[in-house]
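J.: Sharing a structure, written as structure tokens. Questions coming.
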Amino acid sequence: MPAAVLARTPFTSWIWPGVLLVLIVAMPAALVAIGAWRGDAFAHVGHPIVGVALIAWVIIQIAVIGPISLLQPAMAGWGGVILSLGLINFRQWRPQIQRQGKSEPPLRPTRPVQ
């Protein structure tokens, strides 16, 4: 990425934008993915949040530095997929918790003891 793109930002190098990208998009996505793999309940809420974070990142990026790559709309689209699938999953999961008579979802889904 050319350094001239940074002229429209408050940054002088690509290090801080990279750190922000990791903190705002990559780490939350990784934590939610690990939570989903482990079966943690927070992943049901986390996926829509990760989708929104990715879409917001791309929108802010385009507003600040302009449209410079085909990856921008591709990643915004991917964020939309994550958001959509996350909302579908959340809507299916939430009634199950309410039917169990619990007001708040458990931190981890309960598994039957065998």
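J.: Please find, within region 40-78, the residue that is modelled with the lowest pLDDT out of those that are small (G, A, S) and under 15 Å from A30 (Cβ atoms).
T.: The extreme case among them is A43.
J.: Looking at this structure, is M27 aliphatic (A, V, I, L, M), outside any helix (DSSP H, G or I) and loosely packed, with under 13 Cβ neighbours inside 10 Å?
T.: no
J.: Residue check, A56 against (1) touching a residue at least 24 places away in the same chain (Cβ under 8 Å); (2) surrounded by fewer than 16 Cβ atoms within 10 Å (Cβ to Cβ), all met but one. Which one?
T.: It is condition (1) that A56 fails.
J.: If I ask for residues that are more than 20 Å from A74 (Cβ to Cβ), in contact with a Phe, Trp or Tyr (Cβ under 8 Å, 6 or more places away or on another chain) and of a type in the set (A, V, I, L, M, F, W, C), which ones from region 42-61 would you list?
T.: Residue satisfying the conditions is V45 alone.
The values are calculated or read from the model by the stated rules, or taken from the named source; none is laboratory data. Remember, it's a predicted structure, so these values are computed and weren't measured experimentally. Using ideal geometry, Cβ is built from the backbone for each residue, glycine included, and neighbour counts are taken over all protein chains shown.
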